[in-house]
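For reference, the structure is listed below as structure tokens.
The values are calculated or read from the model by the stated rules, or taken from the named source; none is laboratory data. None of the values given here were measured: they were computed from a predicted structure. Because the Cβ atoms are built from the backbone with ideal geometry, glycine has one as well, and the counts that use them run over all protein chains shown.
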Amino acid sequence: MEVNAGVFKQAIFDLLDTLYEKESANIDAAAQLISDSIQQGGVVHVFGSGHSVGLGIDIKNRVGSLVPIHIMETNDFVKSGAVTLAEFKDKTNVFERRADVADRLYNLYDIKPQDVFIVISNSGINGVVIDIANLAKTNGHKVIICTCMNHTNAESSRHPSGKKLYEFGDVVIDNCGPHGDALLPTDGVAKVCSVSSICNNAIAQSMAAKIIENLQQANYPLPVLTGEPDHDQALIESYKGRA
Amino acid sequence: MDIKKQYFDGLKSHIEHAYDTQLETIKAMAKLFADTAINGGVVQLFGINHGEEFVNELNFRAGGLAPFHGIKLVDLVLNGVCGGTVIDNGEVLQSDAYLDKLLDLYKLDPRDCYVIVSEKGVEPLVTAFAKKVKAHGHKLVGVVNKKTYERLSGCLDDKLGNYCDLMLDLCAEDPDVALHLGDTPIGQYGSTIGNVMAQMITAEGYAYYRSLGKEAPVLLSANVKGADKHNDSLTDPYEGRVR
């Protein structure tokens, strides 16, 4: 099988076309939940394990970014002193696969009733992400799931409940990637070139654009960084401690 | 037109431009990374701000290649070298005060090559890091947003490009804004273009290994049965240099 940059470009273009056509309505539904939340003073809490955290990073802290976005990071356990670095990096008990740490992470943050959650996991089978989604649902929040249905349907849950992440979503967005995340077949067993980060960014960025359009149509002041220092500083201050 | 569709179409257009203008650099990076690995070295990745997305896209990725290693500012906080505010307020970027303390956290090797990702390419920490890398005789790749870099670096003596063997352009606008709704900037393309080019580097790297008649060190998704054993077999020989 031919593998090169041009082959990948065509493959990712085809996948982005599929993603838009298949998931446009789900992205709209997620954008509506978030627009409603922001208009009630809400914040979006974004949690993703491993590389999935990139979805939150990509839509935050730049000109053109929404401000009421808060990233929940497992790093925060170490930063807050709740977990040692050695425990966090223990290869014999991989952190993101544990089923008992979500409560402690959830309680690190200032979470209000009107807040919405986005939980991202390509596999959607690991402990922490499922527990965070479950906690958010149990506490009455709307939950948006971003996952890879091809992957999650092919693997068993590692959570004690046997459930998978998508089962906790008010809205589920499929990143449309392949099982195992790598897209291009090779002349060996393994495929190469993962796509989840690219697809997740496209989902998040297009969703953010739709949220801003919704807010503008509702005549709500747009909480968007513009590069104008006084405006941006005041906006950041208005969400201080929350986002 | 649906604003999400505008985002997807704009993204594809920018990726096309990146492919047309950066392909030779992508191939050269792939060759450099593979040659480094074949000679026992590791590709050391360092990115600031949203440049960390490019680092994450190459570092220990499903369908990606070994051996890469991420040098991360957050490690200063996790290892108790400094508080989080030093990172969050950008103080760490304004001098070389933390450079040696950061590098002391890792097992670096004379055979390693380096990638430094900075949209602007002019921050004092970035240029000090690049200068140090070259002074020790390593190959160095700079990744910048060329339009921003040229605007900011034109009148400066010290800039990332002074020290680089290769320069990759993220091919975003300056500022990196994807769309406008009236006067409001919306979203960005640069990080996603960077992620796509990172995967193109992986594809070209795989092709280069095969052209040499060698097996490419392809990592599997950690969420596939049996992947941990396979991935450990690729990274354990580096004895803590890559994970």
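Residues that are polar (S, T, N, Q) number at least 1 in the following strands (runs of 3 or more DSSP E) confined to segment B:159-243: B:184-186. Please go through segment B:10-51 and give me each residue that is touching a Phe, Trp or Tyr at 6+ places or on another chain (Cβ under 9 Å), at the interface with another protein chain (Cβ under 9 Å from one of its Cβ atoms) and closer than 22 Å to A:Gln205 by Cβ, ordered by number. B:Leu11, B:Lys12, B:Ile15, B:Glu16 - these are the residues of segment B:10-51 that are touching a Phe, Trp or Tyr at 6+ places or on another chain (Cβ under 9 Å), at the interface with another protein chain (Cβ under 9 Å from one of its Cβ atoms) and closer than 22 Å to A:Gln205 by Cβ.
Taking (1) more than 9 Å from chain A (Cβ to nearest Cβ); (2) surrounded by fewer than 16 Cβ atoms within 10 Å (Cβ to Cβ); (3) of a type outside the set (Gly, Ala, Ser) in turn, B:Tyr163 satisfies each apart from (2). The strands (runs of 3 or more DSSP E) found wholly in segment A:124-239 and carrying at least 1 residues that are among the aliphatic types (A, V, I, L, M) and under 15 Å from the mean Cα position of the chain (by Cα) occupy A:142-147, A:171-174. In segment A:179-189, the qualifying residues are those that are in contact with a helix residue (DSSP H, G or I) (Cβ under 8 Å, 6 or more places away or on another chain) and buried (at least 21 other Cβ atoms within 10 Å of the Cβ), and the one that is farthest from A:Val116 (Cα to Cα) is A:Leu184.
Rundown of residues vs (1) charged (D, E, K, R); (2) closer than 25 Å to B:Asp9 by Cβ; (3) touching a Phe, Trp or Tyr at 6+ places or on another chain (Cβ under 9 Å), yes/no style:
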residue: A:Phe13; (1), (2), (3): no, yes, no
residue: A:Ala30; (1), (2), (3): no, yes, no
residue: A:Ile38; (1), (2), (3): no, no, yes
residue: A:Gly41; (1), (2), (3): no, no, no
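All of (1) within 23 Å of B:Gln94 (Cβ to Cβ); (2) surrounded by fewer than 23 Cβ atoms within 10 Å (Cβ to Cβ); (3) more than 15 Å from the chain's Cα centre (by Cα) hold for B:Tyr149 with one exception: (2).
Only a single item in (1) in contact (Cβ under 8 Å) with a residue 24 or more places away in the chain; (2) at the interface with chain B (Cβ under 10 Å from one of its Cβ atoms); (3) not aromatic (Phe, Trp, Tyr) is not met by A:Asp174, and it is number (2). When the criteria are applied in full, B:Ala178 fails the requirement of being more than 30 Å from B:Lys5 (Cβ to Cβ), at the interface with chain A (Cβ under 7 Å from one of its Cβ atoms) and at pLDDT 95 or above.
Filtering segment B:1-22 to residues that are within 18 Å of A:Asn4 (Cβ to Cβ) and touching a residue at least 24 places away in the same chain (Cβ under 8 Å) leaves B:Ile15, B:Ala18, B:Tyr19, B:Thr21, B:Gln22. For the residues A:Gly56, A:Gly50, the requirement of being among the small types (Gly, Ala, Ser) and at positive phi singles out A:Gly50.
Just give me the residues in segment A:153-171 being of a type outside the set (Lys, Arg) and either within 9 Å of chain B (Cβ to nearest Cβ) or more than 18 Å from A:Ile132 (Cβ to Cβ) (or both), in sequence order.
Going residue by residue through segment A:153-171, those that are of a type outside the set (Lys, Arg) are A:153-157, A:159-162, A:165-171.
Passing the criteria: A:Asn153, A:Ala154, A:Glu155, A:Ser156.
When B:Val43, B:Val55 are screened for being buried (at least 23 other Cβ atoms within 10 Å of the Cβ) and touching a Lys or Arg at 6+ places or on another chain (Cβ under 8 Å), only B:Val55 passes.
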